[in-house]
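Coordinate-derived values only; no laboratory data. On a predicted model such as this, the values are computed, not experimentally measured, just so you know. Counting neighbours? That spans all protein chains shown, and the Cβs are built from the backbone with ideal geometry, glycine included.
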């Protein structure tokens with residue numbers, strides 16, 4: 001969806017703004033249900049992170065099109081663009097939560113109010 005959008009707007013609270021990705025929050029990766037275990041093992045091998053299938057009430061959480069979400073705990077993501085490309089090459093990966101270079105507008109909720117950041121136009 002993000003890749004086909006004319007404008008991609010991301011809304012977060014201030015706790016999501018970090019100097020380096022990884023460590024604080026797991027990276028969500030959407031995968032097709034068929035063979036998700038193999039996909040998870042490849043993701044673990046690539047990232048050296050811990051992969052957990054997202055569940056709700058003891059059953060796998062499903063996205064609107066019926067995909068699963070894997071939450072990957074990675075200590076540090078130094079090269080997010082390279083990681084996103086490598087993850088997208090793994091069979092079964094639909095999308096990652098990195099969205100490198102796709103965000104048009106970032107809206108951040110802070111204790112002082114809302115901050116709106118616009119990506120530079122290229």
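What is the order of 78, 71, fewest Cβ neighbours within 10 Å to most? List each step's numbers first, then the result.
Details: 78 9, 71 18.
Lowest to highest Cβ neighbour count: 78, 71.
Need the full-extension length gain, residue 102 to residue 78, defined as separation in residues times 0.36 nm minus the C-alpha distance. One decimal, nm.
Details: separation 24, 0.36 × 24 = 8.64 nm, distance 1.81 nm.
Between residue 102 and residue 78, full extension yields 6.8 nm more.
Tell me, what is the percent relative contact order of the chain, built from C-alpha pairs under 8 Å that lie six or more residues apart? Numbers along the way, then the final one.
On the way: 189 pairs, mean separation 44.4, N = 122.
Computed value for the chain: 36 percent relative contact order.
Using R₀ = 30 Å, calculate the FRET efficiency as 1/(1 + (r/R₀)^6) where r is the Cβ-Cβ separation of residue 44 and residue 15; round to 0.05. Please report the intermediate quantities before stating the final value.
Numbers: r = 26 Å, r/R0 = 0.87.
Once rounded, the FRET efficiency stands at 0.70.
Separation between the residue 115 and residue 32 pseudo-spin-labels, each 7 Å from Cα along Cα→Cβ, expressed in nm?
4.0 nm
Normalised by the number of residues in segment 76-122, what is the relative contact order in percent for Cα pairs under 8 Å and 6+ residues apart? Provide the component values of the computation, followed by the final result.
Numbers: 32 pairs, mean separation 11.2, N = 47.
Answer for segment 76-122 is 24 percent.
For the chain, what value does the Rg/Rh ratio take when both radii are computed over Cα atoms and Rh is the Kirkwood radius, given to two decimals? Walk me through the numbers before you get to the answer.
On the way: Rg = 15.2 Å, Rh = 15.6 Å.
Rounded to two decimals, Rg/Rh equals 0.98.
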